[in-house]
2 protein chains.
Amino acid sequence: MATQPAAVDRPATIHDIAAKCGVAASTVSRALSTPDRVNIRTRQRIEAAAAELHYTPNSQAKALSSGRTGAVGVLVPDITNPFYFDLIRGTQLQLKAAGYTQLLVDTEESDEVEASTMEQLRKSADGIIVAASRLTDDVLLAAAAKMPMVTINRDVEGVPAVIIDTPSATSQALDHLISLGHARVAYIAGPLTSQSSSLRWIALSEAAVERGVEVRRLGPFAPKTQSGAAAADAAVHSGITACIAFNDLIAIGMLQRLRERGIRVPEDMSIVGCDDIFGADFCNPPLTTMASPIEQAGRVAVSMLLAQLNPLAGGGNRSRSVMPTHLTVRGSTGPAPKVS
Amino acid sequence: MATQPAAVDRPATIHDIAAKCGVAASTVSRALSTPDRVNIRTRQRIEAAAAELHYTPNSQAKALSSGRTGAVGVLVPDITNPFYFDLIRGTQLQLKAAGYTQLLVDTEESDEVEASTMEQLRKSADGIIVAASRLTDDVLLAAAAKMPMVTINRDVEGVPAVIIDTPSATSQALDHLISLGHARVAYIAGPLTSQSSSLRWIALSEAAVERGVEVRRLGPFAPKTQSGAAAADAAVHSGITACIAFNDLIAIGMLQRLRERGIRVPEDMSIVGCDDIFGADFCNPPLTTMASPIEQAGRVAVSMLLAQLNPLAGGGNRSRSVMPTHLTVRGSTGPAPKVS
DNA sequence: CAACATATGGCAATCGGTTGTCATTGCCAT
DNA sequence: ATGGCAATGACAACCGATTGCCATATGTTG
């Protein structure tokens, strides 16, 4: 029985298999990666031996020689933002299904961290997915030239992107508010470097002109619940009756602050959030918000990236994918207060 | 000026630096990793060249030759569970600070996925952090023998662990409920394979005996808000006046369901959650829950793992770290209903 | 100044694979 | 019987770093 020396604890390599089968290591490599290059009989022997030895390829070595790492970097500005949970899950599932590993990095809302991470990932990942980038267009474009990249919620000419169409939902939200009798509305802006925030403001102010209502912009505010207090105070002070917030975190923070100050939602003020994150349905009152298929956006981003990585496989090589969005009406919006 | 051929786009290697400085590649390697092995003057030349060429070591190659990958796997059962956000952020920050990369994997509450991931990570990571493992003690112990490992919320003899002391908080919660006049309490159990859930139940039932109150166990329920409906119905049907839920997700789900059914919280029933996740403070009513320093738990886990990886560096090599927990009282608990 | 210790840097093997190139083999058609 | 082609598998270079060992340069001591 003991034809081989006591099995070493160290994981098996192709050399072990080669020795066991009496072939060269390169043959083993080919049998496993290019099965057609090898006689079916030797291949079967090799496969059997591989199975017996519990062989699993060393991904480092593979990466070194083939140049492909089998990993994809996913950059998000803030891991603890619930918006990214679903996104991350979407990318994770799709990547795993395709045999890739996800390298998740929290860039802490910092463009520097984002840039340096990209540089580092350039060697340790085959491509990257960048959500809500804080970088400028040209930096992003330059980075995309160096490695396959897909952005999420960031539209730069020449860089494949998944766009969640919140601007059009924003107009929808405005219509909703107008139909409830609101005439003075505020947009609670997100970070200045957020393209989403800019685009929404543009869409919103245009829609406002068309509809003849007043919409003012407040902020910028950090996309966190803590910023909601400042946003709420600003909103109250500006004398508007409804606001559309950059995202649900801010909106929820506003809800809390308004409650503290004794201002009723939606009786005294209506609030619309964005993203329909975890929590938007059970806060008090439940938040009217612009919902989008976030997990799906993550999946689509991965598909687009993989299409770049393996151009052979068919599939229209789309460079831009827009995810539909819709308004979900809950309890935080209501008729405008009677007297101003 | 142009002493060198047009800079290639490909990232610089130690050979590029070696050529530029007129030394051997090995010298460059030494200058960068073992500075004392190299003359200070050559070292400075090399460092200058490295900086100029924007050199960054190729982690794959480094891993292959040194055996260390510079990566740490972090396994969580469900990425979308807010509980893990903070944990992940804690590990991420601490790992990054120590120069490690985090490989985040969602094991989808599956022991098989968990086991196979571990096997795969064995070659691509230096160690792993396993949160709320669904594996049995012996499997876990065997895995820990093969690679450095730290568990979170899973106490197995011989495996370093970070334990969030929810059991003692559970007794605290019970006392809180008793002081409010509750005498019939239910424990809404989590997954059967969750050790945390078992330990809490044990602590709770012992405390109940001591205090002479009735505590019954309901479940198991999946740790998701959707399970809250079933849990709420079971709680109502069992005739208790207060319950302690396995975690905040279930508790929040119960809140929603009870509201639908017209059962008032806390007037008709009190609810205590666990973890103090994102959302626990703004749900309706705000949730009384057992809070714990989750992000810190992640950091501690990383520290413990790193201590295993670099035994040289001082620092007591603790094998078990208990994180304190406390009860945060909010609006979901109140006096027991007068009549039963 | 001889003798020896030490500092310094180069060579080459190695990690575990991949892949280009080439030699061998067998089979076919001519 | 022979030339030609395809299939097959071995050899060896290579990916980018690390590291043991050795040769040389330098410095110290008696």
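What to note about this one:
- Candidates B:Pro293, B:Pro285 - the one that is more than 14 Å from chain A (Cβ to nearest Cβ) and not aromatic (Phe, Trp, Tyr): B:Pro293
- In this entry, A:Asp165 passes the filter for residues that are among the charged types (D, E, K, R) and either buried (at least 24 other Cβ atoms within 10 Å of the Cβ) or more than 21 Å from A:Ala98 (Cβ to Cβ) (or both).
- Conditions (1) within 14 Å of DNA strand C (Cβ to nearest atom); (2) surrounded by fewer than 19 Cβ atoms within 10 Å (Cβ to Cβ); number of the one not met by A:Ile17: (2)
- Reported count of residues in the stretch B:219-230, each being farther than 22 Å from B:Ile152 by Cα and buried (at least 19 other Cβ atoms within 10 Å of the Cβ), is 4.
- None of B:Asp138, B:Asp126 is modelled with pLDDT of 90 or more, under 21 Å from A:Thr117 (Cβ atoms) and of a type outside the set (A, V, I, L, M, F, W, C) except B:Asp126.
- Residue among A:Ala25, A:Ala61 that alone is within 15 Å of DNA strand C (Cβ to nearest atom), over 30 Å from A:Asp137 (Cα atoms), surrounded by fewer than 18 Cβ atoms within 10 Å (Cβ to Cβ) and within 9 Å of another protein chain (Cβ to nearest Cβ): A:Ala61
- Residue selected from the stretch A:65-74 under the condition surrounded by fewer than 18 Cβ atoms within 10 Å (Cβ to Cβ) and of a type outside the set (S, T, N, Q), by the criterion farthest from DNA strand C (Cβ to nearest atom): A:Gly70
- Single residue of A:Glu108, A:Glu157 found to be among the charged types (D, E, K, R), over 17 Å from A:Asn310 (Cα atoms) and at pLDDT 90 or above: A:Glu157
- Residue selected from the stretch B:203-223 under the condition among the aliphatic types (A, V, I, L, M), part of a helix (DSSP H, G or I) and more than 24 Å from the chain's Cα centre (by Cα), by the criterion nearest to B:Gly181 (Cα to Cα): B:Ala208
- Of the residues making up the stretch B:128-155, those that are surrounded by fewer than 24 Cβ atoms within 10 Å (Cβ to Cβ) and of a type in the set (Gly, Ala, Ser) number 4.
- Matching entry among B:Ala189, B:Ala203, B:Ala207 (being more than 21 Å from B:Leu287 (Cα to Cα), touching a Pro at 6+ places or on another chain (Cβ under 7 Å) and buried (at least 17 other Cβ atoms within 10 Å of the Cβ)): B:Ala203
- Residue satisfying all of: in the stretch B:26-41; within 19 Å of B:Ser65 (Cβ to Cβ) and among the basic types (Lys, Arg); modelled with the highest pLDDT among these: B:Arg30
- Residue match in the stretch B:219-228 (condition: within 11 Å of another protein chain (Cβ to nearest Cβ), at pLDDT 95 or above and under 23 Å from B:Ser171 (Cα atoms)): yes
- Screening the stretch A:28-58 for residues that are near DNA strand C (Cβ under 8 Å from one of its atoms) and within 14 Å of another protein chain (Cβ to nearest Cβ) and picking the one that is farthest from B:Lys123 (Cα to Cα) gives A:Tyr55.
- On inspection, B:Thr333 fails the criterion of being crowded, with 20+ Cβ neighbours inside 10 Å, among the polar types (S, T, N, Q), in the same structural domain as B:Gln172 (by TED's automatic domain parsing) and under 17 Å from B:Thr170 (Cα atoms).
- Being touching a Lys or Arg at 6+ places or on another chain (Cβ under 7 Å), in a helix (DSSP H, G or I) and either over 19 Å from A:Leu192 (Cβ atoms) or at pLDDT 95 or above (or both) is true of A:Ala232.
- Failed item, numbered, when A:Asp165 is tested on (1) touching a Ser or Thr at 6+ places or on another chain (Cβ under 7 Å); (2) within 14 Å of chain B (Cβ to nearest Cβ); (3) of a type outside the set (A, V, I, L, M, F, W, C): (2)
- Residue in the stretch B:194-214 that is touching a Gly at 6+ places or on another chain (Cβ under 9 Å), β-branched (Val, Ile, Thr) and outside the structural domain of B:Ala132 (by TED's automatic domain parsing) present: no
- Residue count, the stretch A:174-193 (criterion: in a loop (DSSP other than H, G, I, E, B) and closer than 29 Å to A:Gly334 by Cα): 7
- Conditions (1) modelled with pLDDT of 90 or more; (2) buried (at least 17 other Cβ atoms within 10 Å of the Cβ); number of the one not met by A:Ile79: (1)
- Selection count, the stretch A:85-96, where residues are surrounded by 19 or more Cβ atoms within 10 Å (Cβ to Cβ) and facing chain B (nearest Cβ under 9 Å): 5
- Neighbours by Cβ (under 8 Å, 6+ apart or cross-chain): first from the stretch A:191-204, closer than 16 Å to A:Asp111 by Cα; second surrounded by fewer than 16 Cβ atoms within 10 Å (Cβ to Cβ): A:Thr193/A:Asp111; A:Gln195/A:Asp155
- B:Val105 being away from DNA strand C (no atom under 16 Å from the Cβ), in contact (Cβ under 8 Å) with a residue 60 or more places away in the chain and closer than 22 Å to A:Ala61 by Cα: no
The values are calculated or read from the model by the stated rules, or taken from the named source; none is laboratory data. Note that the coordinates shown come from a computational prediction; the quantities given were computed from them, not determined experimentally. Please note: Cβ atoms are built from the backbone with ideal geometry, for glycine as well, and neighbour counts cover all protein chains shown.
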